């Protein structure tokens with residue numbers, strides 16, 4: 001396998017950025033971020049199954065601004081990845097491939113992700129009695 | 001193909017593709033349910049969360065979500081590794097780490113769930 005002589009297919013740097021491309025990258029990026037986020041889920045369940053003290057240290061992390069920011073990112077990543085995943089499932093069965101459909105569904109996913117993420121946090125703060 | 005050993009066979013790749021979609025279908029309603037539940041429990045203390053999580057129906061949902069979630073994760077990251085890592089040895093190592101991650105952390109989460117239920 002000589003690396004020099006092999007032709008390269010066009011990659012990210014030669015395309016102009018467009019919504020569908022950003023969302024495609026974001027789908028993978030949020031997928032990987034959620035992979036890191038599973039550590040939080042595992043810690044949460046592990047702490048619950050361990051002891052009250054263990055759960056308190058988990059809560060201490062989540063209540064800290066940095067923990068909260070991570071959890072906010074986790075919320076957005078989860079909602080975006082789930083909604084954009086639905087787009088992928090439609091494509092898998094051959095639906096929604098027209099350019100205007102891809103644009104429309106893309107914008108819909110972005111809008112809904114932002115709305116649901118903010119709504120989840122507003123309701124959570126209301127539930128916790130802090131709003 | 002030089003990288004034949006680290007690439008899954010056609011059959012395996014098709015199976016992975018299908019399993020990723022099937023787990024996605026299972027995960028979507030579970031994630032909607034999970035996020036909603038967590039939002040409803042914001043600010044709840046240890047005892048409230050514990051009662052919720054040990055409810056038989058909730059526990060079953062959680063176990064399925066954890067199992068399908070870590071499997072879906074490992075399939076997704078596998079795809080990314082296969083797409084971007086060309087060096088066979090690096091690819092092989094990363095794929096092994098990817099599988100180990102899912103087994104270890106998914107395993108800890110599942111064992112913790114079983115400790116909670118029983």
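What's the exposure ranking of B:37, A:57, A:9, B:74, going from fewest to most Cβ atoms within 10 Å?
Listing B:37, A:57, A:9, B:74 from fewest to most nearby Cβ atoms yields A:9, A:57, B:37, B:74.
Give the average, rounded to an integer, of partner chain Cβ atoms located within 10 angstrom of each Cβ in A:80-91.
3
Choose one answer from B:67, B:107, B:43: the residue with the largest mean-square fluctuation in a GNM of chain B with alpha-carbon springs under 10 Å.
Largest GNM mean-square fluctuation: B:43.
Can you compute log10 of I(q)/I(0) for the stretch B:10-117 with the Debye formula, treating each Cα as one identical point scatterer, at q = 0.11, 0.13, 0.17, 0.19 Å⁻¹?
Debye intensities relative to I(0), on a log10 scale: -0.45, -0.59, -0.88, -1.01.
What does the structure give for B:60-70 when I average, per residue, the other chain Cβ atoms found within 10 Å of the residue Cβ?
Details: counts 0, 0, 2, 0, 0, 1, 4, 0, 0, 4, 4.
The per-residue average across the peptide is 1.
Evaluate the relative contact order of the stretch B:20-118 (contact order divided by residue number), counting alpha-carbon pairs under 8 angstrom at least 6 apart; express in whole percent. Before the final figure, lay out the partial values.
Details: 48 pairs, mean separation 35.9, N = 99.
It rounds to 36 percent for the stretch B:20-118.
Expressed as a rounded percentage, what relative contact order does chain A have, with Cα pairs under 8 Å and six or more residues apart?
Worked out over chain A, it gives 28 percent.
Which of A:48, A:78, A:12 ends up with the largest GNM mean-square fluctuation for chain A, with Cα atoms connected below 10 Å?
Maximum among the listed residues: A:12.
Determine the shielding of peptide B:103-116 by partner chains: average, over its residues, the number of Cβ atoms on other chains within 10 angstrom of each Cβ.
Partner-chain Cβ atoms within 10 Å, mean over residues of B:103-116: 4.
Anyone know which of A:24, A:113, A:16 comes out most mobile in the 10 Å Cα GNM of chain A?
A:16
Please give the calculated 222 nm ellipticity per residue for the protein assembly as shown, where each DSSP H segment of at least 4 residues contributes -39500 (n - 2.57) and the sum is spread over every residue; nearest 500 deg cm²/dmol?
It comes out at -28500 deg cm²/dmol, rounded to the nearest 500.
Sort A:30, A:42 so that the residue with the fewest other Cβ atoms within 10 Å of its own Cβ comes first and the one with the most comes last.
A:42, A:30
Please arrange A:81, A:27 by how many other C-beta atoms lie within 10 Å of their C-beta, fewest to most. Could the numbers behind the result be given before it?
Details: A:81 24, A:27 18.
Ordered by Cβ neighbours within 10 Å, fewest first: A:27, A:81.
Coordinate-derived values only; no laboratory data. Note that the structure is predicted; figures quoted are calculated from it, not measured. Cβ coordinates were reconstructed from backbone atoms using ideal geometry, including for glycine residues, and neighbour counts include every protein chain displayed.
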